[in-house]
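Engineer: Please find one structure pasted underneath; my questions will follow.
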Amino acid sequence: MKTFKYLGILIATSTLFFACVPLNQFKEVEEANKQLSDKVETLSSEKELLEGRNEELKELADRLKKQVADLTADTLKKGRAVRGCRDDLRKLRNEYEDLLTQLRNQTGAGDSEELLNYLQKLQEDLQAREDALIAAERDLDAREKELQEAMANLAAAQAELETAQAELAAQNQRLLELEQALARKDSASNALRQAIADALTGFDQSQLKVHIKNGKVYVSMEEKLLFGSGSYQVSPEGASAIRQVANVLGDKKDINIMIEGHTDPVPYRSGKLLDNWDLSVKRATSVTRILLENSAIDPSRVIAAGRGSHVPLVSNDTPEGKRKNRRTEIILTPRLDQILDILETN
């Protein structure tokens, strides 16, 4: 009895040892999937922020354009007013000089007094016009400075908008590339699921299920299809089903394969192995050997793992639940090299 136990420990230890390198590969794919999900979420969030910033910059640019247009119109109006003031002032100065010359040539006292009064009034009007011209010129200078500042702000906003639009376009391109790569991956997964389902149509469909979960293709086969109770020797029908799967996978070089054995929690009674965990490992290994024999599958892409009763599909409270949980799953994970290359490039 002890000899069988030691043998079981040796088998389980050896299986785990030889599975260590491909298991690292599988974990790398798992981590790549997580990184991909995180990256897509990050890019989507960044895209939303960039779109919001673009809208803000567009609104700012529109406001600045209106401000520049208003200031330009006002500046032109004030420029015309300044030119009018200058023309009026020049005319008044000319009139003042003419009247002053007439005054010097006058001899009559009455005419001189009337002319002096008019000159006084004209001088006051002239001073008022000069004050108005100075104020108008000062206002015009302020408006021109304000216009220059607004135009500078507009140019800066337009430059920032162009930069933001370029970033958004690049972000959209990155997301598009990722979405296209993901779509190709999903399409490949769906095609693989369909090919395996078609290959297994001749077997009892109540004992197997081919489905996609979390981007992976699962081929789940119940114990009854593959093994006798408590056994890890694959039945002829089960071996035939496994070979059908192997035929589909032979030319799929970009697929990583994990075979997981699962049991119910009923204690293992045979003396050949230690417990249910041992049994699940041996079942996974048995399926792996048949999957690899006479097939083109690269063994470095394959992992055999036992999960015991620790990952049930349903509750073990009923015989039906225990039956569903006693299963072996072939888990097919598409490699994400192309998608990861896109992420690294970006």
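The values are calculated or read from the model by the stated rules, or taken from the named source; none is laboratory data. Since this is a predicted model, take the numbers as computed values, not measurements. Note that each Cβ is placed from the backbone with ideal geometry, even for glycine, and that neighbours are counted across all protein chains shown. Please note that ligands, DNA and RNA were not included when accessible areas were found on the heavy atoms of the full protein model with its side chains. Shrake-Rupley method; radii C 1.70, N 1.55, O 1.52, S 1.80 Å.
Engineer: Does at least one position in the stretch 281-288 carry a residue that is within 39 Å of the chain's Cα centre (by Cα), in a strand (DSSP E or B), of a type outside the set (G, A, S) and modelled with pLDDT of 95 or more?
Structural biologist: no
Per-residue answers, yes or no, for (1) closer than 30 Å to L50 by Cβ; (2) in contact (Cβ under 8 Å) with a residue 12 or more places away in the chain:
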position	(1), (2)
T72	no, yes
A81	no, yes
N94	no, no
A128	no, no
Q148	no, no
A155	yes, no
E162	yes, no
Q165	yes, yes
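Engineer: If only one of V248, V217 is closer than 23 Å to A191 by Cα, modelled with pLDDT under 95 and not in a helix (DSSP H, G or I), which one is it?
Structural biologist: V217
Engineer: Among what's in the stretch 201-214 and is open to solvent by less than 70 Å² (accessible area, probe 1.4 Å) and in a strand (DSSP E or B), pick the residue that is nearest to S280 (Cα to Cα).
Structural biologist: So the residue we want is L208.
Conditions (1) at pLDDT 80 or above; (2) surrounded by fewer than 12 Cβ atoms within 10 Å (Cβ to Cβ); (3) in contact with a Gly (Cβ under 7 Å, 6 or more places away or on another chain), marked per residue:
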position: N33; (1), (2), (3): no, no, yes
position: D38; (1), (2), (3): no, yes, no
position: T42; (1), (2), (3): no, yes, no
position: L50; (1), (2), (3): no, no, no
position: K58; (1), (2), (3): no, no, no
position: R63; (1), (2), (3): no, no, no
position: K78; (1), (2), (3): no, no, no
position: L103; (1), (2), (3): no, no, no
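Engineer: What number of residues in the stretch 267-280 are part of a helix (DSSP H, G or I) and farther than 15 Å from S229 by Cβ?
Structural biologist: Matching residues across the stretch 267-280 total 2.
Engineer: What are the pairs with Cβ atoms under 6 angstrom where one residue, in the stretch 308-336, is on the phi < 0 side of the Ramachandran plot and open to solvent by less than 10 Å² (accessible area, probe 1.4 Å) and the other, located anywhere, is part of a helix (DSSP H, G or I) and among the basic types (K, R)? Sequence gap at least six, or different chains.
Structural biologist: T328/R283
Engineer: Inside the stretch 230-273, can you point out the residues that are under 25 Å from T318 (Cα atoms) and open to solvent by 70 Å² or more (accessible area, probe 1.4 Å)?
Structural biologist: Passing the criteria: P267, R269.
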